[in-house]
C-alpha cells in the first residue's frame, strides 16, 4: 500500500535558488547534494560543505538513492520535488526526521525539528 500520500506533509520547503525546472529525480535515482543541517537554535549538526579551500578540492557531494528510505523521510519527499541545480531550505518535523529517539551521536535531541539547506547538484 502506498502510504505516501496520506496526511499533510511533515516539512516545508522554501526555494533559495531555482533549479532547471526540467530534471527532477524519480524514485530510485541517485541524487548528489550539498547540505547543511541545523537545529532550530542554529546549531549546525551536520554538513558536507567545506569552508577551507584545501578541503574543498576533495569535497564530494552526498550521493544516495532517493525515495527508497536511505535517508530521513523529509529528505526523500522533498528531493523528489526539487529540480537539478535547485537549492532549498527544508524545515522538517520530527516525524519525518529522527522522531522521538533523536540521534544522540549527531547531537540531535528527541523530537527535534530540523532545518536543512540542500542543493541538488546532480541526478543519475
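Quick rundown of the values:
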{"quantity": "Ranked list, fewest to most other Cβ atoms within 10 Å of each Cβ, for 123, 92", "calculated": "123, 92"}
{"quantity": "Prolate/oblate/rounded call for the stretch 47-118, Cα gyration tensor, a/c under 1.5 rounded", "calculated": "oblate"}
{"quantity": "Shape of the chain, Cα gyration tensor, a/c cut at 1.5", "calculated": "oblate"}
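Computed from the coordinates by the stated procedures, all read-outs in this text should not be read as laboratory data. Computed from a predicted structure; not experimentally measured. Note that we place each Cβ from the backbone using ideal geometry, even for glycine, and neighbour counts take in every protein chain shown.
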